[in-house]
Structure formats: structure tokens, C-alpha cells
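The values are calculated or read from the model by the stated rules, or taken from the named source; none is laboratory data. What you see is a predicted model, and the numbers here were worked out from it, not measured in a lab. For neighbour counting, all protein chains shown are included, and Cβ atoms are generated from backbone atoms with ideal geometry for every residue, glycine included.
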């Protein structure tokens, strides 16, 4: 059963969409309905979501900013944008911001929904597979202590053990111990491997110090 988040400020539209989805053959859904993007954020923090259907207009404003934010936070959760009145410009814009598909509400049928949902779920599975190594790396790097992060940051700058010790005001032996802990926690086979993980995941992106 797929967990679906419907974000629409019109209760009638949300109910109609839910009814049409229940008629999709060969698929079962559990629905959570929200009236705003703020409420949607809360629900997505509380429970995992497999698919989102979001109205383009909410309370007189577009959901463009929210789409961009969600695509950055959860790139493997497909979002289908719906609208009562749309055009090619809106379709292109929401796709650029991270939406998986764009559907006019007048064009929604169980058959069309089934086709689109299967497509976006398949695409999302491919994204998850591609991001899996990076996600695992982030989880491992998240286990580092603040001091270990400081040591790793200096390593990514290309500093030697003696230079790191001077920079952090500690003994060289202490730096070596921290480096050993970093390699153990990340599972990297070498210091170069740890640095690559940090750079690929953007651990210190935009930072001058951790």
C-alpha cells in the first residue's frame, strides 16, 4: 500500500482526487490530506510518504517555492502537481522546480492517474538507488563527534598531521587518534576515501570552519 499525501486547500477537489485514486486498478493507497504546505511539512516529518499530489495554487499563492525546497530535502519522493487551470508554462516551471509530473484536474481519470503514478514511482525507485551510497555516507559522517568533524575539515583542506595539531591546539597523537576513529566510523579504507565522502556529500559546503 502506497502512502499518499494530498495537498489541496479545496476539500471538494481533495475528496474527488482521493475517489479517483481509489479507482486505480492494481494499486492501493493510504491517504493523508493537508490544506497547506505548512501542514504538509509537519506530516512529512511525522511519517514516510511514497507520493505527493500538490495543488499548484494554495490560498492564492503558488507552491513553487515549496516544490523547490521539497525537491532538495526529499529528492526521492515524487510530487505530482495538479491545477484547475494550467498551461505549458506552468508545466515547464514546476518540472524545473522538481515536480515529477503536472496534471490538469480536468484531465484526471483513474486510467491516467494509474499511468502517471506508476511512471513516477518507477522513476523514484531509480533515484533512491542512485542516492543510496550518498545517503549511507551522510549517515556515517553524522556519527562523527564535533572534534572529529574539526579534524576531518582540516584534512579536507590538505593539512598535515602536524599542521592540524597546531591549528586545533592539540598533540599530533590526538589528531592521529581522531583520524583513526573517523576511518572506523565511516568504514572508509583510507584517509583519501574519507575526504572523498566528505566532499561528495557536501559536508562542509560553504563552511570556512565546522
Just one of 156, 145 is at pLDDT 85 or above and touching a helix residue (DSSP H, G or I) at 6+ places or on another chain (Cβ under 7 Å); which is it? 156
Kindly provide the set of residues from region 75-94 that are surrounded by 16 or more Cβ atoms within 10 Å (Cβ to Cβ) and assigned to a loop (DSSP other than H, G, I, E, B), ordered by number. 76, 77, 78, 86
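Residue-by-condition table, conditions (1) modelled with pLDDT under 85; (2) touching a helix residue (DSSP H, G or I) at 6+ places or on another chain (Cβ under 6 Å):
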residue	(1), (2)
98	no, yes
102	no, yes
116	no, no
129	yes, no
166	no, no
190	yes, no
I need the full set of residues from region 83-105 which are closer than 15 Å to residue 53 by Cβ and over 24 Å from the mean Cα position of the chain (by Cα), in order please. 84, 86, 104, 105
Residues that are closer than 28 Å to residue 130 by Cα, crowded, with 18+ Cβ neighbours inside 10 Å, at pLDDT 90 or above and within 21 Å of the chain's Cα centre (by Cα): does region 23-33 have at least one? no
What residue, of 152, 113, 121, 131, is in contact (Cβ under 8 Å) with a residue 40 or more places away in the chain, touching a strand residue (DSSP E or B) at 6+ places or on another chain (Cβ under 7 Å) and part of a helix (DSSP H, G or I)? 121
A careful count of residues in region 106-126 that are surrounded by 15 or more Cβ atoms within 10 Å (Cβ to Cβ) and under 16 Å from the mean Cα position of the chain (by Cα) gives 3
